[in-house]
Amino acid sequence: MFMAVSPVLAQTDAAQKKSTAPAEKEIAAGPSKADVAQSQKLYQRAMRLTSAPSTLPDAFNLLEESSSLNPTDVASVTAREFVREELVSEHMTKGDSLMELSNPTGALDEFRKALALDPANTYATQRVHDAVSQTAKPRAKPVYEYGSEPELNPKPGVHTFNLKGDSRQLLTTIGRAFGITTEFDSSFTPRQVTVNLDNVDFATAMHIACMMAHCFHIAVSDHEMIVANDSQDTRRNVERTSVRTFYVPTEAGAQALPEIVNILRSVLEIRFLAPDIATNAITIRAPKQTLDAAAMLISQMTAPRPQVLLEIRVLRLDESASKQIGIAYPLQFTLFNLNTAASSLGPDAVGIINRLRAGTATAQDLAAAAALLASGGLANSVFSQGFAVFGGGLTTSGLVVPPASLNFNVTRSLFTNIEHVTLRASQGQAATFRVGDRFPVITATFSPAITIPGVTSAITGGQPIIPSYSYEDLGVTLKATPQIGADSTVRLNMELAIKALGTTSFNNIPTITNRQYVGTISLRDGETSVIAGSMDKSDTKMVSGMPWLSSLPGFGRAFSNNGRTTTADQLLILVTPHIITQRPDAEHTEMSLDSD
């Protein structure tokens, strides 16, 4: 375990190394006061992290940063070297243990980590060769089963690269600038490149360099990488893989597992994939970025579907008004003969009427007339109506005058109906809502050709009459399929039908009014829109009266009867979507499967 070093020992050790220090480390100007103060803070933090083996890598990084800020600080430089030796010793010990367990691949990683910390360590170099000789495919094994992939940990910051030469030199220079040791696979072919990069980080520099050199890199450890030629065969042999198991929720349905497997194989081209129907799980072996893309795809396919609450309002307004003003004059007159009409009352009626007209009626005539009136014999006679005689008494004709009527009538009716429907629907799935009645309509009637015992006797007339019915769904039927966009836009495929009994009938079968809407609309969350509207309006005028007189300007109303009837039917259908639940990853997410 690393122990704190006394200042005297540190100064002595530094004095011994001062004579052998290369000239390139001479500093033209000393560090600033701010650098010295920051260096001391980092040194103190590093000393607190040297008490446990797990924190030694962090302590080493802090001491390296402290030494770079103040290279003249002997204590920081000395402590860094002691921590380096401690880390090298730990990696070598682990590597030797893995070699004894017949795990040369794991031992090779540990020896390379030790060699990256101390490149001049000959023992670490020899152990690397020993591990490589026991590995069937050096640098090409797909890596540990059920193991995680290492990740590069380059130094933070940006650097400028201006180079004209081969790609091997460029990649080595980039790795050295960020503290990464670069090794090249046997498949790598150098190319001539010219690069001018100003103030770029490690990821940007490697991405551009690998595009120019047509290569890719993989992490061997946090400070070591291998660069290989970018080809399908090389990736299969060199690229590291990990194993991950994904569980598909049972709520996604029985067909979700095979559908996800087919999509992963076709879209991501995953070869090593094993579905388990018993546990509803999928085990995948692939590179880390491919696994991340598979995780995102599975999450999107198995996530609960977004839901929308649709508020449908149907407003119906029926209005009718009628008006009738004027005088209805009689347009038909009845002309009759007085003697003929009187003879119908009895054989002596004509003589009695003549004596009454001449004033020579006797008491018996008056008694006979009174008896005729009391018997009601005149009720159905023309004499019970008002009539007029003409001809100055020289004729025996009469004219019945019907009564005239004065019309002053206004009627108005207003019918309002509001249907308020709320419907909850999931994205991409059709939801149907129906409210109303099932109305039976007789389509046919028939009688059997033979008598049915127990049925025929119960029906008067002999043979039973059996009706045939069909049922009509009256009311509101709504079918909606929503699609929710990333910008809270709801796209609705709607089918709306409103059926009701009409006011007329044919052959005792009532008519059925049908209002239907089929279409697609797009609305924002909470936005209301009129998706359908109709209006039926009629206006009827009627005039009846005497010919010519009813057409006189100004005076025509005195000789006519005027009527007017207006009807107006209006229908409005309004929809308002309300997003209830939405995917957590509603925004578009993109992932690149390129390793560089």
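The values are calculated or read from the model by the stated rules, or taken from the named source; none is laboratory data. Please read all numbers here as calculations on a predicted model, not as lab measurements. For neighbour counting, all protein chains shown are included, and Cβ atoms are generated from backbone atoms with ideal geometry for every residue, glycine included. The area values use the complete protein model at the heavy-atom level, side chains included, leaving out ligands, DNA and RNA. Shrake-Rupley method; radii C 1.70, N 1.55, O 1.52, S 1.80 Å.
Brief remarks on what is shown
- Efficiency of FRET between Leu549 and Thr511 - r from beta-carbon atoms, R0 30 angstrom, step 0.05: 0.10
- Accessible-area composition of segment 165-210, carbon plus sulfur, in percent [1.4 Å probe]: 46 percent
- For segment 510-583, the solvent-accessible area with a 1.4 angstrom probe is 63 square angstrom per residue.
- Across the accessible surface of segment 233-334, with the other protein chains kept in place and a 1.4 Å probe, carbon and sulfur atoms take up 52 percent.
- 29 Å Cα-Cα threshold exceeded, pairs from Lys155/Lys288; Lys41/Lys288; Lys33/Lys164; Lys94/Lys155: Lys41/Lys288; Lys33/Lys164
- Inter-probe distance in nm under a simple model that places probes 7 Å from Cα toward Cβ, at Tyr123 and Glu259: 6.1 nm
- Probe 1.4 Å, accessible area per residue of segment 181-237, Å²: 47 Å²
- Extension gain (nm, one decimal) between Leu501 and Val421, 0.36 nm per residue minus Cα-Cα: 26.8 nm
- Inter-label distance for Lys164 and Val400, nm, one decimal - labels placed 7 Å from Cα along Cα-to-Cβ: 12.8 nm
- The calculated FRET efficiency for Gln44 paired with Thr489, based on their beta-carbon distance and R0 = 51 Å, is about 0.35.
- Computed from the C-beta positions of His207 and Arg524, the FRET efficiency with R₀ = 60 Å rounds to 0.95.
- Accessible surface, per residue, of segment 36-96 when the full set of protein chains is kept, probe 1.4 Å, Å²: 47 Å²
- Distance between modelled label sites at Gln364 and Glu183, nm, 7 Å Cα→Cβ extension: 15.9 nm
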